[in-house]
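Report on the structure given below.
The values are calculated or read from the model by the stated rules, or taken from the named source; none is laboratory data. Only a predicted model underlies this, so the values are computations on that prediction, with no experimental measurement involved. With ideal geometry, Cβ positions are generated from the backbone for all residues, glycine too; neighbour counts draw on all protein chains shown.
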C-alpha cells in the first residue's frame, strides 16, 4: 500500500506529506522547502570596481609638484589608479601649455583647472569636473630691496610660471582688488619647479608669485625677500582641480569616473595621514621636509570639503576672470562646470564606508 499511496502523491497533497514522513522509495531527497536557503550573492561595495578593468593610458598635465597636487601622487603610490585600470602619464606643463593640449585632445585631463576655466569663458569645450582647493596657495614676494609695498610694483616685472596660468590670474586679481592696473606690470615667464627658484636667486625678476613651499625655500636661501601679499587670504576662486574636454566626458565617462575616484581616494589619504604624505611628496619635488610640512598644512586649509565649489563662488570667480580676459558675455556656470561625477563618487564612497589605510 505504501507504494500506491506514493503513486498518488502527485495528486493528493496530504498523501505526499505522509509519504515524506515515512520515507520515499529509492531514498529521494527532501523537497525543496526542507532545504536550507542559498546564501545571497554579495554585491560589490558602492564606488568600488567590480574587478580589474582593462588598463587605459591617459595623459595628465601638472604645473608643479607642491602639496596641492599630492592627491594624484598619493593615488599613484598607493595603487589607486592601478586598481581603477588607469595608467597615468604625468606631463610637466603649465596651464598656458596644457590648456591648448587639452582642447586638442592630446591631454585627457589637466590639473591647471584655473587656466582651463579661462578658456571655457571664451567658449572652449572644456569642463571643470573637480575642485581640490578654492583658495590660491600663493604669496607675492619682492626679491629686491627697493620693492617694499604693493604700490612699488608698478612698472616692474612679476614672475609667473606661464602666461595665462593660475599664477598670473591670481596676480591680476590681487592687483585689481588693490586698485592697481593689472597691465601696469610686465609678466615674466619663469617656468615651473626649480626654474622658479633659479630665476629668483639670479635676481632676474623684481617680484614673483610663489607657491607656498617655494616661499619657505626662498626664506631659507635668500632671506632678503619680502612678502607683499598673502594671496590665499584675499582671494577665493577656482585654484586647483581637474579639467577635461567635452568628448572625454561624453565618450569616456566611465574612465573619467575611475580617474576621479582614484584621485579622491588619494585626496582622503592626504587628509588622514600627514607624515606619510609629506614623505611621498618629498620623492616628487625633492624639497626639504620643513618646506613640505609647511606646504601640507597650508594646502590643507585651502581644500574644499567634497571637491566642489558653491555656485555663487563659481559665478563671482567667472565675472572677475571675464573682466581680466576681456570677455564681454559670461557663460553660465553650467557651461563651465560639471560636478556630477565627483558628487556621485563621494556619495558612493561614503555609503560604502571606505576609508584610506596606511
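A few points about this structure:
- Some residue of region 161-180 being part of a helix (DSSP H, G or I) and either without any contact (Cβ under 8 Å) to a residue 24 or more places away in the chain or more than 29 Å from residue 119 (Cα to Cα) (or both): no
- Subset tally (residues that are over 19 Å from residue 65 (Cβ atoms), touching a helix residue (DSSP H, G or I) at 6+ places or on another chain (Cβ under 8 Å) and not in a helix (DSSP H, G or I)) for region 91-108: 2
- Some residue of region 138-145 being free of Cβ contacts under 8 Å to residues at least 40 places away in the same chain, in contact with a strand residue (DSSP E or B) (Cβ under 7 Å, 6 or more places away or on another chain) and not in a loop (DSSP other than H, G, I, E, B): no
- Filter pass, residue 155 being touching a residue at least 24 places away in the same chain (Cβ under 8 Å), at positive phi and not assigned by TED's automatic domain parsing to the domain that holds residue 323: yes
- With respect to the conditions (1) outside the structural domain of residue 251 (by TED's automatic domain parsing); (2) touching a residue at least 60 places away in the same chain (Cβ under 8 Å), residue 127 falls short on a single one, namely (1).
- There is no residue in region 316-324 that is in the same structural domain as residue 125 (by TED's automatic domain parsing) and within 14 Å of the chain's Cα centre (by Cα).
- Here residue 163 fulfils each of the conditions (1) surrounded by fewer than 21 Cβ atoms within 10 Å (Cβ to Cβ); (2) modelled with pLDDT of 90 or more apart from (2).
- Positions within region 93-111 being modelled with pLDDT of 95 or more and in contact with a strand residue (DSSP E or B) (Cβ under 6 Å, 6 or more places away or on another chain), in sequence order: 98, 102, 107, 108, 109, 110, 111
- Given (1) outside any helix (DSSP H, G or I); (2) surrounded by fewer than 24 Cβ atoms within 10 Å (Cβ to Cβ); (3) touching a strand residue (DSSP E or B) at 6+ places or on another chain (Cβ under 9 Å), index of the condition residue 152 fails: (1)
- Counting only residues that are within 14 Å of the chain's Cα centre (by Cα) and either outside the structural domain of residue 61 (by TED's automatic domain parsing) or assigned to a helix (DSSP H, G or I) (or both), region 72-90 holds 7 of them.
- Search result, residues across region 189-207 that are without any contact (Cβ under 8 Å) to a residue 40 or more places away in the chain and either outside the structural domain of residue 145 (by TED's automatic domain parsing) or in contact with a helix residue (DSSP H, G or I) (Cβ under 8 Å, 6 or more places away or on another chain) (or both): 190, 196, 197, 201
- Counting the residues of region 293-311 that are farther than 27 Å from residue 339 by Cβ and modelled with pLDDT of 95 or more gives 1.
- Listed conditions (1) outside any loop (DSSP other than H, G, I, E, B); (2) over 30 Å from residue 179 (Cβ atoms); (3) in contact (Cβ under 8 Å) with a residue 60 or more places away in the chain are all met by residue 321, apart from (2).
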